[in-house]
Amino acid sequence: MDVTAKREDLKLTVNEIFYSIQGEGSYALRPCVFVRLTGCNLRCTWCDTTYSFHEGSAQSLNQVMQAVSGFSAQLVEITGGEPLLQKNVYPLMHALHAAGKKVLLETSGSIRLNQVPGFVHIILDMKAPGSGEDKKNRYENIEMLKSSDDLKIVVANHEDFKFAEDLIRKYKVDALLQNPVIVQPVFGELNLAEAGEWIKNSPLNLRLGMQLHKYIYEPSLRAV
């Protein structure tokens, strides 16, 4: 079968594709193309991309690849919403990899990671109680992470921070991961210095996470 024709048959509902500076995780501050897919099964209290719940248009895999190829960056993040809700996200991962891109996946932890290819760098965003969605965590995903992947926990308060510490102790993530677990304060809600003190005083291997793109650009802007 012609590969180009097959890509025309594979459809994704795409919210936006844009080129920016990566603001989070192990690849922070590098140029990155973002493919934001439409749809999310969660409604986190602090969500900053609620427009991705419903806004978007159907695009073929070929159209998505053409859009990505229009930018020079080798780093591409698939995000949402929750990108794993769309079955054709997996062919997208393979197509990006075949095109020589480093593929990142930002996912909520509410959907199993067992179909995600090993070449993908996973950013697993497990939900703390302050999100209102911690009951939907699939904790078996933690054991599927590679040592190079990122585990991120967004925290709104000290209760959320204790949840992060307890989760790490229970699932021995500190021993599993090469990278420290990212504890990321909710932007504009939790003081960074306060969270930094919690991290300094914790015996666990933690890292303070920041949404750096919101400091580089006006935080209310989309597609940055």
Segment 101-147 and segment 14-58: distance between their alpha carbon centers, rounded to Å: 15 Å
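What FRET efficiency do you get for ARG30 and LYS136 if R0 is 25 Å and r is their Cβ-Cβ distance, rounded to the nearest 0.05?
Details: r = 30 Å, r/R0 = 1.22.
Calculated value: 0.25.
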Tell me, in nm to one decimal, what length is gained between HIS94 and LYS200 on full extension, where the rule is 0.36 nm per residue of separation less the Cα-Cα distance? 34.2 nm
Going by alpha carbons, how many degrees (0 to 90, nearest 10) lie between the helix axis of 158-171 and the longest principal axis of the chain? 80 degrees
Subtracting the Cα-Cα distance from 0.36 nm times the residue separation, let me have the gained length for PHE18 to ALA193 in nm, one decimal. 59.9 nm
Phi-based couplings in Hz for segment 35-45 (Karplus 6.51, -1.76, 1.60; Gly and Pro marked x): 10, 9, 8, 7, x, 8, 8, 10, 9, 5, 4
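Taking segment 129-224, which trypsin sites (Lys or Arg not before Pro) meet the DSSP loop condition and have no more than 11 other C-beta atoms within 10 Å? Before the final figure, lay out each step's value.
Values: sites: LYS135, LYS136, ARG138, LYS146, LYS152, LYS162, ARG169, LYS170, LYS172, LYS200, ARG207, LYS214, ARG222; in loops: ARG138, LYS146, LYS172, ARG222.
Here the trypsin sites (Lys or Arg not before Pro) that fit, given the DSSP loop and packing criteria, are LYS172.
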Diffing segment 139-155: the Karplus 3J(HN,Hα) column from phi (6.51, -1.76, 1.60, θ = phi - 60°), in whole Hz with x for Gly and Pro, holds 5, 5, 4, 4, 6, 8, 5, 7, 5, 8, 6, 10, 9, 10, 10, 7, 10
What list of ³J(HN,Hα) couplings, whole Hz, do you get for segment 180-185 from phi and the Karplus terms 6.51, -1.76, 1.60, once you set θ to phi - 60° and write x for glycine and proline? x, 5, 8, 9, 10, x
Sequence gap of 8 or more, or different chains, plus Cα separation below 16 Å: how many lysine pairs satisfy both in segment 1-151? 5
What does the net charge come to around GLN74 if you take all other residues with beta carbon closer than 11 Å to its beta carbon, with K and R at +1 and D and E at -1? +3
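Treating the beta-carbon of each Lys and Arg as +1 and of each Asp and Glu as -1, no other charges, what is the dipole magnitude of segment 3-216 about its Cα centre, to the nearest 20 debye?
Taking the Cα centre of segment 3-216 as origin, the dipole is about 560 debye.
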Largest-first principal axis extents, alpha carbons of the chain, Å: 57, 36, 29
So who's got an amide H within less than 5 Å of the one on ASN41, skipping anything under 5 residues away but keeping other chains? H placed 1.01 Å off N, in plane. GLU82
If we count other beta carbons within 10 Å of each Cβ, what is the order of HIS97, HIS121, fewest first? HIS97, HIS121
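When LEU92, LEU208 are ordered from fewest to most other Cβ atoms inside 10 Å of their Cβ, what list results? Before the final figure, lay out the partial values.
On the way: LEU92 24, LEU208 16.
Going from least to most buried by this count: LEU208, LEU92.
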Lys/Arg Cβ at +1, Asp/Glu Cβ at -1, dipole of segment 22-118 taken about the Cα centre: which of ILE111, LEU96, VAL68 is farthest positive-ward? LEU96
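Read the figures in this text as sums done on the coordinates, not as results from a lab. For clarity, every value in this text was computed on a predicted model and none was experimentally measured. Every residue, glycine among them, receives a Cβ derived from its backbone with ideal geometry; neighbour counts consider all protein chains shown.
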